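The numbers here are math on the coordinates, done by the rules we state, and not lab data. Since we're looking at a predicted model, the values are computed, not measured. We place every Cβ from the backbone using ideal geometry, glycine too, and count neighbours over all the protein chains shown.
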Amino acid sequence: MEDFIQLQEKNVLRYGIKDINGNDTGVVIKFDLQDMEMPLRINKMEAMHKKNQSILRQQAIALDKQEDKKGKFLLSWKQEQQIKLLNEFYSKDMEALDLLIGDGMTQKILDAINRKPYYDMFDDIVAALEPALDMLNKEAEAMFDNIVKKYGIDENNII
């Protein structure tokens, strides 16, 4: 005989994704407002995005300095390399966004709205989630204050 327990999903913020026509896609992003590691993941996400942009810029400059060659088909060698650079950038930015919204969620959102990764994708998704990020920051501060109050920790003697 097995016994089960089920915990309540308290303080979970949910955002549904709509397509370009305003129809519900069935994709839902969940944020646990009491996830203490979320601010750390947000910082890591931002740092990854900035690093991705820097790497793309450096590689694009290096590629631009190289002489172009005839490609195998329609595109030149340089054009093919530029597309490869962008695809790598998109892939790494999707990994960064997944730190915030969950593993594989960026691809699910793009699939739901019938889009491929695009250059402003990171900024568009973060901007759309700005209200959630504000709530997460406020909740993290409140949670810390509650822990201090609950356990009688002296704020001056915290690690």
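Rank the residues Glu46, Glu9 as a footprinting-exposure proxy: fewest other Cβ atoms within 10 Å of their Cβ go first.
Glu9, Glu46
May I ask for the equivalent-ellipsoid semi-axes of the chain, computed as the square root of five times each C-alpha gyration tensor eigenvalue and listed largest first in whole Å?
Equivalent ellipsoid semi-axes, largest first: 40, 22, 13 Å.
Using a Förster distance of 30 angstrom, determine the FRET efficiency expected from the C-beta separation of Asp111 and Ser54, and round it to 0.05.
0.60
Per residue of segment 78-93, what does 6.51 cos²θ - 1.76 cosθ + 1.60 with θ = phi - 60° give for ³J(HN,Hα)? Whole Hz please, x for Gly and Pro, Karplus curve as stated.
These are the phi-based 3J(HN,Hα) values: 5, 4, 4, 5, 4, 5, 4, 4, 5, 4, 5, 4, 4, 4, 5, 5 Hz.
Take the Cα of Asp68, step 7 Å along the line toward its Cβ, and report every residue of segment 79-113 whose backbone nitrogen sits under 14 Å from that point.
79-83
Would you mind checking the radius of gyration and Dmax of segment 84-159 based on alpha-carbon positions, in Å?
Rg and Dmax of segment 84-159, Cα atoms, are 18.0, 55 Å.
In Å and whole numbers, how far do the C-alpha atoms of segment 37-130 stretch along each principal axis, longest first?
48, 28, 19
What number comes out for the charge environment of Ile113, summing +1 per Lys or Arg and -1 per Asp or Glu over other residues with Cβ under 11 Å away?
Net local charge, Ile113 excluded: +1.
Using the Cα centre of segment 37-130 as origin and beta-carbon charges of +1 (Lys, Arg) and -1 (Asp, Glu), tell me which of Ala112, Asn43, Leu56 is placed farthest towards the positive end of the dipole.
Leu56
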